[in-house]
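**Q** First, the structure itself, so that you have it in front of you.
The values are calculated or read from the model by the stated rules, or taken from the named source; none is laboratory data. None of these values were measured; they are calculated from a predicted model. So basically every Cβ, Gly included, is an ideal-geometry build from the backbone, and we count neighbours across all protein chains shown.
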Amino acid sequence: MRFSTQTLLLQVAVVLLAVLLSAAVHAWLTYDRVGSDAENQALTLARTVASDPDVRAGVLAISAEEGTPPSAELVGGPLQASAEAARIRTGALFVVITDEQGIRLAHPDPQRLGEKVSTDPSEALAGREVTTRNTGTLGPSAGAKVPVYAPDNATVVGEVSVGYSMETVGQSVARDIGPVALTAAGALLAGVLGSFLLRRRLQRLTLGLEPEEISTLVHDQVAVLQGVDDGVIGIAADGRVSVFNAAAQRMLGLPDLAGTRWEDAPVPERLKSLTRPEHAGADALELVADGRVLVANARKALHRSEDLGWVVMLRDRTELQELTRQLDAVGTMSTALRAQRHEFANQLHTLAGFMSIGQHRQAQDYLATLAATGPLKFPVEQAELLQDPYLQAFVGAKGVEADERGVSLRIGPETLVRGHVTEAQDVTTVLGNLIDNAVNAAVAGSAADKWVELEVLDAPGDDDGTLHVVVADSGDGLAEGTLTEAVFAEGFTTATDGLSRNHRSGGQGFGLALARQLARRRGGDVTVLDRGRRGGPGAVFMATLPRTTAGHAARTPEDRTPDAGKDGNG
């Protein structure tokens, strides 16, 4: 039997028991009340008969005689006539008059005259009034016994017993119990109907599931939601967050939001837009939250035809992004090493040629030139200003990519890095995004001379190894009407000249947002120094990255090359 059916039957049984118990108690109280009324009525009638002067005189006269008159005499006597008249007039079961020994002087049944009463008359003969419920020769009755005094009111000469049939009392109760029974039936019907409605509501609230199934689902839900690495957000049909698992809390950097209205929840606005009707069924989108790159999608939750709300899934792509940056770094170094190997091979061939023809002087001059300019030449102007090997390799590889697109990458004259880079991944992310955006802007710009200028400075006096990066380009600057802060919003891309509001997960429009979040997480920032103008020069961006370099050395005049005074646009 289903739990809801068991609950219904149990409720009906409880209601039935309560109604029957209430009806029984009410019937008993009614029966007792009617019986008490009959006793009081009997007492009143007994007092009336006992106080009648004729009755008092008649009982006294019989009591004064020796013995008891024969029944034939009593039947026609005044006491029998008075008693019967009172009984018939009031509808009593009996009115009995006795002498001081309890011998009947008046009785509804003439055959009983002259006999001793069947119930104890001692209390009444002792001068006390009593009410009784007992069974006599005429059946069960509720009655009263009252002493009969002599005319001088000093001597008890007999007693009067009056009784009303309990069957009559039962009939009175039966007449009164009708409304009680109807009320009980109405209460029972209302209880059954309420139980049935409660059963239906219980089925609706539990989706027709049994308690064992609900318990199993709860255990499974806790195990699954808290065990998966994906973030899960459940939004109920009433718009409140019902599920916000640990992974979602970790990804968004928020506490448990269960019970919060979804529209008021402190989550990114783009995440909320997934559950709005105009975006229903949209593909997954990428967003940046708490320094993490997340992929989110939303699906409508339905059970049969009932709308249960939304389920939002979050997947963390931060580790994938870090692996991608590591791969980019490895690729950059690999490209640099391949180019270096090729360049070394050419240089060694040149030296071998000089030595084979005996041109030792030319070989020495060539080696001196190599020592002054470095072993490798990238298509980056003033690349010699970068002393850190990692920055040399990374910027050199970016210079190769820019050169392939017709953009000249150059190093600004104020570039100076005294230490070495210690946080290669964060520097790669920020510097690479700024250079890539600048190259894209330069390619799309209207200026004939397409260039990107980079200045990297490890300023004197920095104790926390802060790296300052400034990137400028020859593009057309920020589009007219675009706010400087808007370029750091998720989805902004130079490819669309504005905010891309589509929901594709292609990865465009997150470079600047991610770069700023990474910089701010380290205590730095990425800002726009100059909006630029159409025709060039374009926008100028500056990044501050604390705790990314180490091993500072004192700055000397030799740190700058003789041609470091050239004009730059950084």
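**Q** Of the residues that make up the stretch 196-218, is at least one in contact with a Gly (Cβ under 7 Å, 6 or more places away or on another chain) and part of a helix (DSSP H, G or I)?
**A** no
**Q** Also, I was wondering about something else. Report, by residue number, each residue of the stretch 203-213 that is out of contact with any helix residue (DSSP H, G or I) (no Cβ under 9 Å at 6 or more places or on another chain) and more than 16 Å from LEU308 (Cα to Cα).
**A** GLU213
**Q** Which ones in the stretch 464-484 are in a loop (DSSP other than H, G, I, E, B), at pLDDT 75 or above and among the charged types (D, E, K, R)?
**A** ASP476, GLU480
**Q** Right, next: Among the residues of the stretch 211-224, write down those that are surrounded by 13 or more Cβ atoms within 10 Å (Cβ to Cβ) and either at pLDDT below 75 or within 30 Å of HIS26 (Cβ to Cβ) (or both).
**A** The one that is surrounded by 13 or more Cβ atoms within 10 Å (Cβ to Cβ) and either at pLDDT below 75 or within 30 Å of HIS26 (Cβ to Cβ) (or both): GLN221.
**Q** On to the next question. The conditions are (1) β-branched (Val, Ile, Thr); (2) within 24 Å of ASN40 (Cα to Cα); (3) crowded, with 19+ Cβ neighbours inside 10 Å, and THR90 fails exactly one of them. Which is it?
**A** Single failed check for THR90: (3).
**Q** Here are ALA27, ALA50, ALA85: which of them is over 19 Å from VAL160 (Cα atoms) and out of contact with any Phe, Trp or Tyr (no Cβ under 6 Å at 6 or more places or on another chain)?
**A** When all the criteria are applied, what remains is ALA27.
**Q** Let me ask something else. Name the single residue, out of those in the stretch 32-86 being more than 17 Å from ALA106 (Cβ to Cβ) and of a type in the set (A, V, I, L, M), that is surrounded by the most Cβ atoms within 10 Å (Cβ to Cβ).
**A** In this case the residue turns out to be ALA38.
**Q** So, one more: So, in the stretch 485-495, how many residues would count as being loosely packed, with under 14 Cβ neighbours inside 10 Å and either among the polar types (S, T, N, Q) or at pLDDT below 75 (or both)?
**A** Number of matching residues: 1.
**Q** Might you check whether a residue that is part of a loop (DSSP other than H, G, I, E, B) and farther than 21 Å from THR527 by Cα occurs anywhere in the stretch 432-444?
**A** no
**Q** Quick test for you: out of VAL169, VAL160, VAL180, VAL173, pick the one residue that is surrounded by 13 or more Cβ atoms within 10 Å (Cβ to Cβ) and at pLDDT 75 or above.
**A** VAL160
**Q** Continuing with this model, one more query. Any residue at all in the stretch 87-97 that is assigned to a helix (DSSP H, G or I), free of Cβ contacts under 8 Å to residues at least 12 places away in the same chain, under 20 Å from SER51 (Cα atoms) and out of contact with any helix residue (DSSP H, G or I) (no Cβ under 8 Å at 6 or more places or on another chain)?
**A** yes
**Q** Has the stretch 325-334 got any residue that is at pLDDT below 80, closer than 18 Å to GLN517 by Cα, surrounded by 12 or more Cβ atoms within 10 Å (Cβ to Cβ) and in contact with a helix residue (DSSP H, G or I) (Cβ under 9 Å, 6 or more places away or on another chain)?
**A** Yes: the stretch 325-334 contains one or more residues that are at pLDDT below 80, closer than 18 Å to GLN517 by Cα, surrounded by 12 or more Cβ atoms within 10 Å (Cβ to Cβ) and in contact with a helix residue (DSSP H, G or I) (Cβ under 9 Å, 6 or more places away or on another chain).
**Q** I would also like to ask the following. Can you work out which of the residues in the stretch 411-434 that are aliphatic (A, V, I, L, M) and buried (at least 23 other Cβ atoms within 10 Å of the Cβ) is nearest to GLN517 (Cα to Cα)?
**A** Only one residue fits best here, namely VAL430.
**Q** Something else now. Just wondering, is there one or more residues in the stretch 140-151 that are at pLDDT 75 or above, outside any strand (DSSP E or B) and under 60 Å from the mean Cα position of the chain (by Cα)?
**A** no
**Q** Another question, if that's okay. Select from the stretch 5-28 the residues that are of a type in the set (Gly, Ala, Ser), within 30 Å of PRO211 (Cα to Cα) and either without any contact (Cβ under 8 Å) to a residue 60 or more places away in the chain or crowded, with 17+ Cβ neighbours inside 10 Å (or both) and list them in ascending order.
**A** ALA13
**Q** Still on this model: Give the stretch 237-260 a look and list any residue that's surrounded by fewer than 16 Cβ atoms within 10 Å (Cβ to Cβ) and part of a loop (DSSP other than H, G, I, E, B), or say none.
**A** The answer is ALA237, ASP238, GLY239, GLY253, PRO255, ASP256, ALA258, GLY259.
**Q** Among the residues of the stretch 29-82, which ones are of a type in the set (A, V, I, L, M, F, W, C), within 26 Å of ALA142 (Cα to Cα) and touching a residue at least 60 places away in the same chain (Cβ under 8 Å)?
**A** Result: VAL34, ALA38, ALA42, LEU43, LEU45, ALA46, VAL49, ALA50, VAL55, VAL59.
**Q** Among (1) over 30 Å from LEU391 (Cβ atoms); (2) assigned by TED's automatic domain parsing to the domain that holds ALA237; (3) modelled with pLDDT under 80, there is one condition PHE354 misses while meeting the rest; what is its number?
**A** PHE354 satisfies all of (1) over 30 Å from LEU391 (Cβ atoms); (2) assigned by TED's automatic domain parsing to the domain that holds ALA237; (3) modelled with pLDDT under 80 except (2).
**Q** Now for a different question. Modelled with pLDDT of 75 or more and outside the structural domain of ASP290 (by TED's automatic domain parsing): is that true of ARG240 in this structure?
**A** No, not satisfied.
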